[in-house]
Amino acid sequence: MIHITEANQTSDYILLENLADTIWREHYIPIVGKPQIDYMLEKFQSAKAIKNQIVNEGFEYFIMHFDEKPAGYLAIKKEKEHLFLSKIYVLRSHRRKKIGKAAMLKAEEKAKAYHLKAIRLGVNINNTNSIKAYEKLGFKKVSTFVTDIGNGFVMDDFIMEKRV
């Protein structure tokens, strides 16, 4: 059984940090390398960074549970014309259990509640499996975007969008 809860307290932020550390290391090191993952986890996915994103930057984080156990997480942000899907990650051991699809439905529900007509996300141009998964869910590539994230690292992404 899948259920999704909002992250809104310190213990949630610590859980998210731990999920991020596991998921990012198992998935992204082959794509962008360990030094960039170490940097990004500390800068963007530490409990402190997550709390700051929620309290000061307008992000909403959600924990995805499968059979009452944390299985992944979702982060969104309401923007002027679309919902920004910042993060959607599932533990490798829990993939192919429709958890990501449930999270995407949650994002669509939030977009509609905010009266937005689209969801946008960025995905690394070399993350071919995720790109295929997003395309199956109805996302289309709309542009590319290179972002300097500091410390000599960049994010080289496709911007994908889905109308809701």
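Residues of segment 29-53 that are in contact with a strand residue (DSSP E or B) (Cβ under 9 Å, 6 or more places away or on another chain) and either assigned to a strand (DSSP E or B) or closer than 27 Å to residue 1 by Cα (or both): 45, 50.
Residues in segment 33-43 that are within 24 Å of residue 8 (Cα to Cα), surrounded by fewer than 17 Cβ atoms within 10 Å (Cβ to Cβ) and not basic (Lys, Arg): 42 alone.
Determine, yes or no, whether residue 12 is out of contact with any Ser or Thr (no Cβ under 7 Å at 6 or more places or on another chain), open to solvent by 30 Å² or more (accessible area, probe 1.4 Å) and part of a helix (DSSP H, G or I). No.
Would you be able to say whether some residue in segment 93-116 is surrounded by 14 or more Cβ atoms within 10 Å (Cβ to Cβ), within 20 Å of residue 31 (Cβ to Cβ) and aliphatic (A, V, I, L, M)? No; the residues of segment 93-116 include none that is surrounded by 14 or more Cβ atoms within 10 Å (Cβ to Cβ), within 20 Å of residue 31 (Cβ to Cβ) and aliphatic (A, V, I, L, M).
None of 99, 23, 76, 63 is touching a Pro at 6+ places or on another chain (Cβ under 6 Å), within 20 Å of residue 3 (Cβ to Cβ) and not polar (S, T, N, Q) except 63. If you go through segment 74-92 and keep only what is open to solvent by 30 Å² or more (accessible area, probe 1.4 Å), touching a strand residue (DSSP E or B) at 6+ places or on another chain (Cβ under 6 Å) and of a type in the set (D, E, K, R), you end up with just 77. Figure legend. Inter-residue proximity from segment 69-80: first residues farther than 9 Å from residue 58 by Cα, second residues among the polar types (S, T, N, Q) and open to solvent by less than 50 Å² (accessible area, probe 1.4 Å), beta-carbon distance below 6 Å, spacing 6+ or different chains. Indicated pairs: 75/86. Among the criteria (1) part of a strand (DSSP E or B); (2) touching a helix residue (DSSP H, G or I) at 6+ places or on another chain (Cβ under 8 Å); (3) open to solvent by 30 Å² or more (accessible area, probe 1.4 Å), the one residue 120 does not fulfil is (2). Tell me, yes or no, whether segment 62-77 has at least one residue that is part of a helix (DSSP H, G or I), under 18 Å from residue 93 (Cβ atoms) and of a type in the set (Val, Ile, Thr). Within segment 62-77 (the criterion being part of a helix (DSSP H, G or I), under 18 Å from residue 93 (Cβ atoms) and of a type in the set (Val, Ile, Thr)), the answer is no, since none of the residues qualifies. Can you tell me which residue within segment 125-164, out of those that are in contact with a helix residue (DSSP H, G or I) (Cβ under 6 Å, 6 or more places away or on another chain) and in a strand (DSSP E or B), is farthest from residue 81 (Cα to Cα)? Residue satisfying both the conditions and the ranking: 153. Condition first: farther than 24 Å from residue 29 by Cβ and either aliphatic (A, V, I, L, M) or in contact with a Lys or Arg (Cβ under 7 Å, 6 or more places away or on another chain) (or both). Now tell me which residues in segment 141-161 satisfy that. 142, 161, listed by residue number.
The values are calculated or read from the model by the stated rules, or taken from the named source; none is laboratory data. All of these numbers come straight from a predicted model, not from anything done at the bench. No Cβ is skipped: glycine too gets one built from the backbone with ideal geometry, and neighbour counts run over all protein chains shown. Remember, those area values only see protein heavy atoms, side chains included, never the ligands or the DNA or RNA. Shrake-Rupley method; radii C 1.70, N 1.55, O 1.52, S 1.80 Å.
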